[in-house]
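Below is one structure, written out as structure tokens; comments come after it.
The values are calculated or read from the model by the stated rules, or taken from the named source; none is laboratory data. These figures come from a predicted structure and were not determined experimentally. Don't worry about glycine lacking a Cβ; one is built from the backbone with ideal geometry, like all the others, and counts go over all protein chains shown.
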Amino acid sequence: MKKRIALLLGTVLTVSVLAAGCGGGDTATGTGTAENVKTGVGVITSIANSKDAVAGEAGAAAADLTIAAVTVDESGKIVGCAIDAVQTQVEFDEAGVLGTDLSTQFPTKQEQGEGYNMKSQSAIGKEWNEQADAFASYCIGKTAEEVTGIAVTEEGVAADTDLAASCTIHIGGLQAAVVKAVANAE
């Protein structure tokens, strides 16, 4: 887990260096001063997929994390965004004895890529990581308030047709993680 967080933070730093080096110039005059950018990370955790052990059936303690890393400019607009998620589930029996090996590694959804195996069930034929990347790209140029304001259907997916063409996963957790990351930007 520490390795994954270090990788994500490394990505944030890379994005912020690129954004600082590439942005901020006045294209009309050709002057190129680097803008001041801030970076932030937001993590949203849900234990909603946990379940009690019942007669003959194992219980599970689940922690699902959605992680966003952003770079924002002086005006609070997002200039870089990366999103990932990890689903962890530790099984236990009625006596509370763990059934999951303590050395189990839980790869993130970005690490799983095609191995997450969502593409075949996706109405748009895209894997989770592709859809999360599309959502991250959609956030570029927006403020935290604008990300919060992205319309969502009753099913929890994007109501905006442009976004829905490339992202049909539930976006509430993605929105919350991006907004938290912006709030944490320093």
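Being in contact with a strand residue (DSSP E or B) (Cβ under 9 Å, 6 or more places away or on another chain), within 19 Å of Val37 (Cα to Cα) and not hydrophobic (A, V, I, L, M, F, W, C) is the requirement here; does Thr100 meet it?
No.
Step by step: first the residues of region 21-65, then only those that are at pLDDT below 90 and in a strand (DSSP E or B), then the one that is farthest from the chain's Cα centre (by Cα). Which residue is that?
Ranking the qualifying residues of region 21-65, first place goes to Thr31.
Under the condition of being in contact with a Lys or Arg (Cβ under 8 Å, 6 or more places away or on another chain) and acidic (Asp, Glu), which residue from region 102-129 is farthest from Gln89 (Cα to Cα)?
Out of the qualifying residues, it is Glu127.
Kindly indicate whether Thr100 is in contact with a helix residue (DSSP H, G or I) (Cβ under 8 Å, 6 or more places away or on another chain) and modelled with pLDDT of 95 or more.
Spelling it out, it is not the case that Thr100 is in contact with a helix residue (DSSP H, G or I) (Cβ under 8 Å, 6 or more places away or on another chain) and modelled with pLDDT of 95 or more.
Checking Glu146 against (1) of a type outside the set (Ser, Thr, Tyr); (2) over 20 Å from Asp84 (Cβ atoms); (3) part of a loop (DSSP other than H, G, I, E, B), only one condition comes out false. Which one?
Failed condition: (3).
Those residues that are part of a helix (DSSP H, G or I) and farther than 19 Å from Asp64 by Cβ, I need them from region 149-186; list them, please.
Thr161, Asp162, Leu163, Ala164, Val182, Ala183, Asn184 - these are the residues of region 149-186 that are part of a helix (DSSP H, G or I) and farther than 19 Å from Asp64 by Cβ.
If you take the residues in region 89-114 that are more than 18 Å from Ile47 (Cα to Cα) and not in a loop (DSSP other than H, G, I, E, B), which one is farthest from the chain's Cα centre (by Cα)?
Glu114
Any idea how many residues of region 132-159 are surrounded by 14 or more Cβ atoms within 10 Å (Cβ to Cβ) and farther than 24 Å from Thr39 by Cα?
Counting residues in region 132-159 that are surrounded by 14 or more Cβ atoms within 10 Å (Cβ to Cβ) and farther than 24 Å from Thr39 by Cα gives 3.
Exactly one condition in (1) surrounded by 13 or more Cβ atoms within 10 Å (Cβ to Cβ); (2) touching a residue at least 40 places away in the same chain (Cβ under 8 Å); (3) on the phi > 0 side of the Ramachandran plot is false for Gly113; which is it?
It is condition (2) that Gly113 fails.
Does region 115-134 hold any residues that are polar (S, T, N, Q), over 20 Å from Val178 (Cβ atoms) and outside any loop (DSSP other than H, G, I, E, B), and which are they?
Once the filter is applied, which keeps residues that are polar (S, T, N, Q), over 20 Å from Val178 (Cβ atoms) and outside any loop (DSSP other than H, G, I, E, B), region 115-134 yields Ser120, Gln121.
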